[in-house]
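Values in this text are rule-based calculations from the coordinates and carry no lab data. Note that the structure is predicted; figures quoted are calculated from it, not measured. Because the Cβ atoms are built from the backbone with ideal geometry, glycine has one as well, and the counts that use them run over all protein chains shown.
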Amino acid sequence: MDFNDNNRKIAIELILKINGSYPLYLKEDYLDTFLEIFNGFGLKNFSFSGPLSKKLVKTKSGLYFAGNTHIILRTFYDKNFAKLFFEMSSKLSREIFKNYNLRILTQPITLSNRFFVINKSYDEITPEMSGTIRRRLIEKYKLIFEREPSDNRFIAVENKNKVYLYGSNELILVAKVLGLLGENGYKNFLIDEKDKRYLRSVLNENSSIF
C-alpha cells in the first residue's frame, strides 16, 4: 500500500506505544486534549481509543497510567503520510509523553463483524437506532469519498456486550475507522477480536476494557 498516494483516501491505523517506568498523569479532560492535538495535525476523519494499559487508574481529577500503554488512532488520510508520522511523533514526545519512550507503528485495518465498544455513549442498539447508524454512516461515506457507497446494506445488532455489524464492507469500514456512530473523536471506538488478541498479548493481561 502506498501511504503517500495523494489521489485517494486511505484507511490507516496508527498504534502509539508508550512506555515509562513511572506513572504519567493526565487531567480529566485528557480525551478532549488528545482530540485537540489530533485535530491540529489536520486530521478531519478519525477516531482514537484513549490510553489502553494494564497499569491504569482513573480518578475524579484525571487518569494515571504507567508501563506498556497503547493508543490506537484510525483515520482516512489523503496527504503525505510520512510528514504526519514525523509531526505526530515530535509533538507528542515534546508536549505529552516527556521522559517516556514513544513509538508509532502502523498496521492494516482489517474488517470483521464482531466488535467491542470503548467509550460507549448509548444505552443499547434498537432497530430504530440501527437505522440511524446506517444513515449516519452513509452520509459520512458520501462526505469522505464524494460518492454514494456501491452497497448501502447495513444493520447493527447488540448481544452480550458485543456489537455485530452486517452488510456493506464500505459502511463497516467507515464504522471501524470513525466509531460506531460515525463521529470523529473517541466516542464509540470499535475493537474487534483481532485487536483484542493483539492488545492482550502486548499488555500481557486480560484488560478490564473488554
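Cross-link candidates for K58: which lysines have Cα within less than 17 Å, leaving aside residues fewer than 8 places away along the same chain? Those lysines meeting the cut-off are K27, K120.
Between D29 and E87, residue separation times 0.36 nm minus the direct Cα-Cα distance comes to 18.6 nm.
Using a cutoff of 8 angstrom between alpha carbon atoms and counting only pairs six or more residues apart, the relative contact order for the chain works out to 26 percent. Classified by the C-alpha gyration tensor, the stretch 33-72 has a prolate form. Its axis ratio a/c, with a ≥ b ≥ c, is 1.5 or above, and a/b is larger than b/c.
More than 27 Å apart: what percent of Cα pairs in the chain qualify?
Counting every Cα pair in the chain, those more than 27 Å apart make up 31 percent.
Length gained on full extension, S201 to N39, computed as 0.36 nm times the residue gap minus the Cα-Cα distance: 55.3 nm. Taking label positions 7 Å along the Cα-Cβ direction at both N159 and K194, the computed distance is 2.3 nm, reported to one decimal. Rounded to the nearest whole angstrom, the semi-axes of the ellipsoid equivalent to the stretch 55-164, taken from the Cα gyration tensor as √(5λ), stand at 32, 23, 12, largest first.
Can you give me the angle between helix 169-178 and the longest principal axis of the chain, using Cα atoms only, in degrees from 0 to 90, rounded to the nearest 10? Here the helix axis deviates by roughly 30 degrees. Looking at the stretch 80-170, the trypsin sites (Lys or Arg not before Pro) that sit in a DSSP loop and have at most 16 other Cβ atoms within 10 Å of their own Cβ are K98, K120, R147, R153, K160.
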